Amino acid sequence: MHTNHKGFQTKLVHAGAPKDPYGSVVTPIYQTSTFSFENTQVGADRFAGKADGYIYTRIGNPTIRALEDCVAALEEGVGGIATSSGMGAVCTVCLALLDRDTHVVSTASVYGPSRTLMEKHLGRFGVSSSFVDTSDLEAVRHALRKNTRMIYVETPSNPMMQITDIRAMADLAHAQGALLVVDSTFASPYLQKPLSMDADVVLHSVTKFINGHADVVGGILIARDKAVYRRVRDVMVITGCNMDPHQAFLVHRGLKTLALRIERAQESAMKIASWIESRDEVAWVRYTGLSSHPQYELARRQMRGPGSMISFELKGGFEAGKTLMNKVRLAVLAVSLGGVETLIEHPASMTHAGLPAEERLKAGITDGLVRYSVGIEDPDDLLGDLEQALASDQAH
Ligand SMILES: *Cc1c(COP(=O)(O)O)cnc(C)c1O
């Protein structure tokens, strides 16, 4: 790792750079399952951890390592653990840090499959879980139990862009002998650094902003200290949640433009969110860059910028939202987010359809809510697209 590179954008480009015998500027794809040993002693030393070098790709691989080192440098952690998917990262960290008869407190509006993992599957192994509004410190304090070993927060949360105070959560967790894990997917390492606010582990679905090109599914975990790093890495290796070298190459390639992509999308998102808020058809908008956001000040304190995710509700409810989503020509109707292309989706019938209606409404996910992930297209084209779609909405 190039420790002499301090600036974020310099790290994006140079951290995790290869030491390649041919001077390759980019880390090559080491598309191999296994690595040869010069002799039996070398093999034995590598297995015993007494010698550097690779053994087998599930355990480690230079292409994957380059990505892990780069994201670890960006998040200012001790090491990265790349996984097959974002859910592979969530699963790995839960299996590593929770035991039978322990308890986890998690954000109520956490990514649906993360909740299913904790509630349904870890529940089968004797782990109990509470889902609370983690933007409410009292609610979290109330939910803590003697056996709470993990506080798991997603901030900003999906799709309501609710912000949780990371430092306050770290203090609560540590006073309890628990660890704080932050799903920072919606912020990316560019907008928020949870480890610098005392979180113990930060995770990302790299499928979203880190890769940024909607062509890979993957995940990554970064730990603040060595002991936690080892515990989590061991579980990744044992469960086989590892990333693949080709996947790592693509993600690392996409990552290099993270700051440029986010700056561009964020500038457009600010324009578009203000425009949406000014429209008569719109009941409300949720964007962390607007002063109407209930946690505008906390978002400004904790994040470098507001990012590019906007949620809004049309006065005409679900029917109006459906018309809008069917009439847009530029924004693509699809789930996922954080790519170069603008995506639009309907949480109540798509990403959050699995939640019971009562839970969904409690989390603020109304039937007419539309989620909009701003890409890097020309903002005027995106505004024109929304305008024509809303106009046709009125005509019906
Ligand atoms: C997409 C997502 C995940 C899961 O990631 P996959 O790469 O789809 O497995 C986890 N958390 C958040 C916040 C996400 O948006």
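The values are calculated or read from the model by the stated rules, or taken from the named source; none is laboratory data. None of these values were measured; they are calculated from a predicted model. Glycine gets a Cβ as well: all are built from the backbone with ideal geometry, and neighbour counts include every protein chain shown. The area values use the complete protein model at the heavy-atom level, side chains included, leaving out ligands, DNA and RNA. Shrake-Rupley method; radii C 1.70, N 1.55, O 1.52, S 1.80 Å.
With 30 Å as the limit on Cα-Cα distance, the pairs of Lys50/Lys208; Lys226/Lys256; Lys120/Lys146; Lys50/Lys146 that go past it are Lys50/Lys208; Lys50/Lys146.
Sequence gap at least 6, Cα distance under 8 Å: using those rules, report the relative contact order of region 39-174 to the nearest whole percent. Kindly include the intermediate steps, with their values, before the conclusion.
Values: 146 pairs, mean separation 25.4, N = 136.
Dividing the mean separation by the residue count of region 39-174 yields 19 percent.
So the label point goes 7 Å from the Cα of Arg301 along Cα→C-beta, right? Which residues of region 181-207 then have their backbone N under 14 Å from it? Under 14 Å, as judged by backbone N against the label point of Arg301, lie 197 of region 181-207. Between the residues Leu95, Met160, Ala269, the greatest Cα displacement towards the positive end of the dipole of the chain, with unit charges on the Cβ of Lys, Arg, Asp and Glu, is found for Leu95.
As a fraction of the 1.4 Å probe accessible area of region 189-252, surface on carbon and sulfur atoms comes out at 56 percent. When His213, His103 are compared by accessible area of protein heavy atoms, the largest-first order is His213, His103, using a 1.4 Å probe.
Cα gyration tensor of region 66-162, axes a ≥ b ≥ c as square roots of the eigenvalues: rounded (a/c below 1.5), prolate (a/b > b/c) or oblate?
Since a/c reaches 1.5 and a/b is larger than b/c, the shape of region 66-162 is classed as prolate.
The fraction of accessible area contributed by carbon and sulfur in region 258-395 is 51 percent, rounded to a whole number (1.4 Å probe; ligands and nucleic acids excluded).
Between Ser392 and Glu341, the simple spin-label model (points 7 angstrom out along Cα→Cβ) gives 1.8 nm. As a fraction of the 1.4 Å probe accessible area of region 28-171, surface on carbon and sulfur atoms comes out at 51 percent. If each Cα of region 273-340 is one equal point scatterer, what is log10 of I(q)/I(0) from the Debye formula at q = 0.21, 0.24, 0.25 Å⁻¹? Cα-only, vacuum Debye calculation for region 273-340: -1.02, -1.16, -1.20.
Does region 152-241 classify as rounded, prolate or oblate by the C-alpha gyration tensor (a ≥ b ≥ c root eigenvalues; a/c under 1.5 gives rounded; else a/b over b/c gives prolate, otherwise oblate)?
On the way: a/c = 2.16, a/b = 1.10, b/c = 1.95.
Oblate is the answer for region 152-241, as a/c is 1.5 or above yet b/c matches or exceeds a/b.
Taking the Cα centre of the chain as the origin, how large is its charge dipole in debye, to the nearest 20, when only Lys and Arg (+1) and Asp and Glu (-1) carry charge on their Cβ atoms?
Details: 40 positive and 44 negative charges, 225 e Å.
My answer is approximately 1080 debye.
Between helix 226-239 and the chain there is an angle of about 90 degrees, using the helix long axis and the longest principal axis of the Cα atoms. Counting only alpha carbon atoms, the long axis of helix 317-327 and the longest principal axis of the chain meet at about 70°.
Between helix 62-75 and the chain there is an angle of about 60 degrees, using the helix long axis and the longest principal axis of the Cα atoms.
Quick check: from the Cα gyration tensor, does region 316-364 come out rounded (a/c under 1.5), prolate or oblate? The partial results should precede the final answer.
Values: a/c = 2.99, a/b = 1.49, b/c = 2.01.
Oblate.
Within the listed set Pro62, Pro379, Pro21, the Gaussian network model of the chain (springs between alpha-carbon atoms below 10 Å) gives the highest mean-square fluctuation for Pro21. Taking all protein chains as shown and a probe of 1.4 angstrom, His246 keeps an accessible surface of around 90 Å². Computed over region 301-396, the convex hull of the alpha-carbon atoms projects to a mean area of 7.1 nm². When exposed loop sites are taken as trypsin sites (Lys or Arg not before Pro) in a DSSP loop with at most 11 other Cβ atoms within 10 Å, the longest stretch of the chain clear of them is 147-328. Taking the chain as a Gaussian network of alpha-carbon nodes connected by springs under 10 Å, the highest mean-square fluctuation of the residues Met350, Met197, Met161 belongs to Met350. What region 11-255 shows is 40 Å² of accessible area per residue, with the surface traced by a 1.4 Å probe over protein heavy atoms. The residue among Ile55, Pro294, Ile151 whose Cα reaches farthest toward the positive pole of the charge dipole of the chain, with charges on the beta-carbon of Lys, Arg, Asp and Glu, is Ile55.
Projected onto the charge dipole of region 258-395 (+1 at Lys/Arg Cβ, -1 at Asp/Glu Cβ, origin at the Cα centre), which of Val282, Ser311, Met325 gives the Cα projection farthest towards the positive end? Most positive-ward Cα: Ser311.
Annotation: lysines with alpha-carbon distance below 18 angstrom to Lys315 (same-chain offsets under eight excluded): Lys327. Couplings 3J(HN,Hα) of region 281-292, computed from phi: 6, 9, 7, 6, 10, 10, 9, 5, x, 9, 5, 6 Hz, in residue order, whole Hz [Karplus 6.51 cos²θ - 1.76 cosθ + 1.60, θ = phi - 60°; x for Gly and Pro].
Might you tell me the accessible area per residue for region 258-395, computed with a 1.4 Å probe and given in Å²? Mind showing how you got there, number by number?
On the way: 6040 Å² over 138 residues.
Averaged over the residues of region 258-395, the accessible area is 44 Å².
Each distinct pair of alpha carbons in the chain adds a 1/r term; the inverse of their mean, the Kirkwood radius, is 21.8 Å. Normalising the average separation of contacting C-alpha pairs (under 8 angstrom, six or more residues apart) by the number of residues puts the relative contact order of region 258-395 at 28 percent. Could you state the number of Å between the C-alpha centres of region 286-317 and region 205-273? Rounded to whole Å, the Cα centres lie 23 Å apart.
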